[in-house]
2 protein chains.
Amino acid sequence: MNATLTALAEPNRLRIVELLRDRPRPVGEIARRLRLRQPQVSKHLRVLSDAGLVDVRPVAQQRIYELRAEPFNELDTWLETFRRSMSDRMDRLEDLISERKAKKEREKERGD
Amino acid sequence: MNATLTALAEPNRLRIVELLRDRPRPVGEIARRLRLRQPQVSKHLRVLSDAGLVDVRPVAQQRIYELRAEPFNELDTWLETFRRSMSDRMDRLEDLISERKAKKEREKERGD
DNA sequence: CTTGAATATGCCTTGACAGGTATATTCTCC
DNA sequence: GGAGAATATACCTGTCAAGGCATATTCAAG
């Protein structure tokens, strides 16, 4: 989870991931499209690979990188828990707004 | 998007966010629960705030921090595009075109 | 087996950032 | 208005990671 977020937090890495979203690509093509130098692309791909975000498939001297689904699914699952609790809180907020504001003192569950 | 990921990539910040998922909390409580020093918590909350992940609400000398829904929704939208393209690729790989059609129709009935 | 293409890796430098500590700020209450 | 709680900020320091560049590695083809 944290590895996934760390890997995606780097701007150029995010660009690489978004490029790979369309289709698998060899290193050189990624470098050319994103105007990055080949060594940095290789390094970023190494990080992405270590984080389990991409898989490599060798074809001749080329290495085709492609996204793996699992980390994204995990991220989605994690997000789900937030969606739930936050919409709950939203509902509560909307209740407060549409009903009465004077009842704000009901928030006494400061129970730590 | 990148700001969100960068903010979440830091381990202690992630812990804070997960703590706030349950309910809004004041700084001191966060520090105590996560066994972090108060200044570091304030700094992390500053980063989270700048990234738009949290809102602050002053109550006396306390500051109650709570999650904002928007960044998480955006993350979810972003993730959606990956889910789509990656499952598409899967489908192509499995070559189950007609099966997929039936599946989609079933999903439509469910409201997707 | 030499050459050249595609890619990975090692080394260096630099900037960003997190933690530690002290201090400033803001508020309540007496 | 003085004391103390809750929080923010300033400054310093060490660490880590990204870019630049040179070089190693691997492979295909002649």
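The values are calculated or read from the model by the stated rules, or taken from the named source; none is laboratory data. Computed from a predicted structure; not experimentally measured. For neighbour counting, all protein chains shown are included, and Cβ atoms are generated from backbone atoms with ideal geometry for every residue, glycine included. Ligands, DNA and RNA are excluded from the accessible area calculation, which covers all protein heavy atoms including side chains. Shrake-Rupley method; radii C 1.70, N 1.55, O 1.52, S 1.80 Å.
At-a-glance table
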quantity	calculated
Qualifying residues in region A:50-77 (those that are among the charged types (D, E, K, R) and either within 14 Å of DNA strand C (Cβ to nearest atom) or without any contact (Cβ under 8 Å) to a residue 12 or more places away in the chain (or both)) - the one nearest to the other protein chains (Cβ to nearest Cβ)	A:ASP76
When residues of region A:16-49 are limited to those that are at the interface with chain B (Cβ under 10 Å from one of its Cβ atoms) and of a type in the set (D, E, K, R), the one farthest from the chain's Cα centre (by Cα)	A:ARG23
Filtered residue count, region B:19-44, keeping only those that are part of a helix (DSSP H, G or I), loosely packed, with under 15 Cβ neighbours inside 10 Å and away from DNA strand D (no atom under 11 Å from the Cβ)	2
Qualifying residue in region B:45-52 (condition: at pLDDT below 95, small (Gly, Ala, Ser) and either assigned to a loop (DSSP other than H, G, I, E, B) or more than 12 Å from DNA strand D (Cβ to nearest atom) (or both))	no
Subset of region A:53-63 (residues that are within 24 Å of B:ARG84 (Cα to Cα) and either open to solvent by less than 20 Å² (accessible area, probe 1.4 Å) or not in a strand (DSSP E or B) (or both))	A:LEU53, A:VAL54
